[in-house]
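The values are calculated or read from the model by the stated rules, or taken from the named source; none is laboratory data. Just so it is clear, the model here is predicted, and its values are computed rather than measured. Here the Cβ positions follow ideal geometry from the backbone for every residue, glycine too, while neighbour counts run over all protein chains shown.
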Amino acid sequence: MWREQDNSLVLSLRFKDFKNAFAFMREVAAVAEQQQHHPDWRNVYNRVELRLTTHDAGNTVTRKDWLLAEAIAHLPAIEMATAEDP
């Protein structure tokens, strides 16, 4: 599901509609706040792309990124998504 690309962890998802995509984004926001580690993300209608990197570690992938990626992978709303290739 997650892939390493350009010193980041990247996840691209497609949802049924904007409502489901936004529900997922709300869940991600809550987890990101808990972990104090926030994704770069992009949303266009039913598609969401997340990019995780640790800026204060020179924009590299660190344990913080993997922990957030793991938490995101277990969010209930992710079940409504289909992973997309880049």
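Can you name every residue in the stretch 54-86 that is assigned to a helix (DSSP H, G or I), within 14 Å of the chain's Cα centre (by Cα) and exposed (fewer than 13 other Cβ atoms within 10 Å of the Cβ)?
Across the stretch 54-86, the qualifying residues are E70, A73, P76, E79.
Please work out which residue is surrounded by the fewest Cβ atoms within 10 Å (Cβ to Cβ), limiting yourself to the stretch 5-17 and to residues that are farther than 18 Å from M80 by Cβ and either hydroxyl-bearing (S, T, Y) or modelled with pLDDT under 95 (or both).
Filtering the stretch 5-17 for residues that are farther than 18 Å from M80 by Cβ and either hydroxyl-bearing (S, T, Y) or modelled with pLDDT under 95 (or both), the one surrounded by the fewest Cβ atoms within 10 Å (Cβ to Cβ) comes out as D6.
From the list E33, E70, exactly one residue is within 18 Å of M1 (Cβ to Cβ), charged (D, E, K, R) and modelled with pLDDT of 95 or more. Which is it?
Only one candidate qualifies: E70.
Restricting to the stretch 35-53, give me the number of residues that are basic (K, R) and surrounded by 12 or more Cβ atoms within 10 Å (Cβ to Cβ).
2
Counting just the residues of the stretch 45-65 that are among the aliphatic types (A, V, I, L, M) and more than 21 Å from E79 (Cβ to Cβ), which one comes out modelled with the lowest pLDDT?
Going through the qualifying residues, I end up with A57.
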